[in-house]
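As structure tokens, the structure follows; a few thoughts come after it.
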Amino acid sequence: MILREDWQFRGLVHQTTDEAILDRLSAGGVTAYIGFDPTAPSLHLGSLLQLCNLRRLQLAGNRPIALAGGGTGLIGDPSFKAVERPLITEELLEENLVGIREQLGRFLDFSPAAGPSKALLLNNAQWLTTVTLTDFLRDVGKHFTVNQMIAKESVKSRLDRDDVGLSFTEFSYMLLQAYDFLRLNVDHGCTLQLGGSDQWGNITMGTELVRKETGNTVAGLTSPLLLRADGQKFGKSEVGNDKVWLDASMTSPFEFHQFLLNADDATTPALLRFFTFLDHQTILDLDEATRTRPQERQAQRAIANAVVTLVHGETAARHAERAGEALFAESIAELDEATLLQVVADAPSSTWSRAEVAAGVDPAELLVRCELAGSKGEAGRFLEQGGAYVNNVRVHAETAIDISWALHGRYLVVRRGRRLLHLVVIA
RNA sequence: GGGCCGGUGCCCGAGUGGCCAAAGGGAUCUGGCUGUAAACCAGACGGCUUAGCCUACGGGGGUUCAAAUCCCUCCCGGCCCA
């Protein structure tokens, strides 16, 4: 499979500084980089497309560089007003990089066996914290005019607003990113930067800086932003308003799987192309399946299984799928003990004494103690609205729950809403 | 440093002494329909021992029977001037 054709089929190319870059990538031997945010101990769904792109590159014989934005994370925003770039300490950054490194390893080959296309993980703190101010202003700043910088679409909206300003630090961000590209070109022979379409302005600053400072020609390529059918940015968690993380302890494999399984029909063609490595014919067949038999959700299943397998492994993917089936399609009371435990393996759990359950449990208190409701008032609301279930049976405020409810004599599966679970183990 | 404007619930935003737990929108949550979807419809959306009480309108202090609303002060943001 030729990379150019594959990427065009998948719609991965939004803009390029030089269309011929696709041919060079197809031929192999190109060193390319993408920046990642290291302010959390895990990457999230928003990075998945870029991760896949790096993987695709490497599979085609190119060398991927994952660049952690530790420099920018360390600086943060001095005006405190932007929550987007929280201040981060060097120790925390190091910790985060450990987790991120492991996640990258699922997509990229960092082993020496990969030869010249062995992946690299770098941290821009390495050069951003050591370059001197005068060097930076002379070598980087002199190549750009403020006039062109304020014309960038990325800062224009901020400059036009009359309630918030744009700090000099934030404004300088594009120069820092340009400098990254310069260092990677000089030190590692990197000639391509990838990113989302929102990165276009920053990327072109980089290609320009490299050309002016070294005379080398380097390229930029952006991928389209993945949007949901309703125009919202894709990647928010189903439960709450959180991001979908790649770390199993932050977003369980089950939750992750469910999130993808619930993707709306209109988004599946893009998800299949962006997030899976399925061949073209399989993708076209799945498109067709979505069109003609949407209720089977074959595409969603394929996406969920493929992505969870890639991120968490095959076993986790199988368990997640099985758990969903049991939870939504079968009677939970009829599962044998081992299957039941496997189904709720991802859910938080707590241990209660036999005596207190035998004495009878108030449903509202049950929800609060299982952390499925934030307060008694909220618990009351869920019960009133019919959003509380024990062992998949809807319960109300006056429902008396006692030891006779226990599955296998010692479990209560408490659920709030569609898919928020908690397991009570009776000791 | 000076002048002017502003800081309201998760976000945006109305409110300029009592009728304010605070309009409206968005987000979120629950239910209904359905395909564990989208769209749509209905309801909820600070807490509690819930016809009541407590906590909340940047922080602190004050005026008043009564303050998100008035006064003082501090902090933060924006615009302009130096």
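The values are calculated or read from the model by the stated rules, or taken from the named source; none is laboratory data. Everything numeric in this text was worked out from a predicted model, so none of it was measured. With ideal geometry, Cβ positions are generated from the backbone for all residues, glycine too; neighbour counts draw on all protein chains shown. What goes into the accessible areas is simple: the full protein's heavy atoms, side chains included, and nothing from ligands, DNA or RNA. Shrake-Rupley method; radii C 1.70, N 1.55, O 1.52, S 1.80 Å.
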Hits in the range A:144-159 (condition: under 17 Å from A:Leu209 (Cβ atoms), part of a helix (DSSP H, G or I) and either open to solvent by 30 Å² or more (accessible area, probe 1.4 Å) or among the aromatic types (Phe, Trp, Tyr) (or both)):
A:Val146, A:Asn147, A:Gln148, A:Ser154
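Have a look at A:Leu367, A:Leu372 and point out the one that is assigned to a loop (DSSP other than H, G, I, E, B), surrounded by 12 or more Cβ atoms within 10 Å (Cβ to Cβ) and within 13 Å of RNA strand B (Cβ to nearest atom).
Numbers: A:Leu367 fails: assigned to a loop (DSSP other than H, G, I, E, B).
Among A:Leu367, A:Leu372, only A:Leu372 is assigned to a loop (DSSP other than H, G, I, E, B), surrounded by 12 or more Cβ atoms within 10 Å (Cβ to Cβ) and within 13 Å of RNA strand B (Cβ to nearest atom).
For the structure I just gave you, tell me whether A:Ala248 is small (Gly, Ala, Ser), touching a residue at least 12 places away in the same chain (Cβ under 8 Å) and within 9 Å of RNA strand B (Cβ to nearest atom). I'd like the intermediate steps shown before the answer.
Values: small (Gly, Ala, Ser): yes; touching a residue at least 12 places away in the same chain (Cβ under 8 Å): yes; within 9 Å of RNA strand B (Cβ to nearest atom): no.
Criteria not met by A:Ala248.
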Of the conditions (1) surrounded by fewer than 18 Cβ atoms within 10 Å (Cβ to Cβ); (2) of a type in the set (D, E, K, R); (3) within 28 Å of A:Met250 (Cα to Cα); (4) more than 8 Å from RNA strand B (Cβ to nearest atom), A:Asp346 fails just one. Which one is it?
(1)
Out of (1) within 16 Å of RNA strand B (Cβ to nearest atom); (2) part of a helix (DSSP H, G or I); (3) not β-branched (Val, Ile, Thr), the one A:Trp127 does not meet is (1)
Being touching a residue at least 60 places away in the same chain (Cβ under 8 Å) and open to solvent by 10 Å² or more (accessible area, probe 1.4 Å) is the filter here, so list the residues in the range A:181-195 that pass it.
A:His188, A:Gly189, A:Thr191
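Would a scan of the range A:162-172 turn up a residue that is outside any strand (DSSP E or B) and away from RNA strand B (no atom under 16 Å from the Cβ)? Spell out how you get there, then give the answer.
Taking the range A:162-172 as the starting set, the residues that turn out to be outside any strand (DSSP E or B) are A:162-172.
Going one step further and asking which of them are away from RNA strand B (no atom under 16 Å from the Cβ), we end up with none.
No: zero hits.
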Consider A:Glu398 carefully, then state whether it is in a loop (DSSP other than H, G, I, E, B), open to solvent by 70 Å² or more (accessible area, probe 1.4 Å) and either in the same structural domain as A:Leu420 (by TED's automatic domain parsing) or closer than 21 Å to A:Ala248 by Cβ (or both).
yes
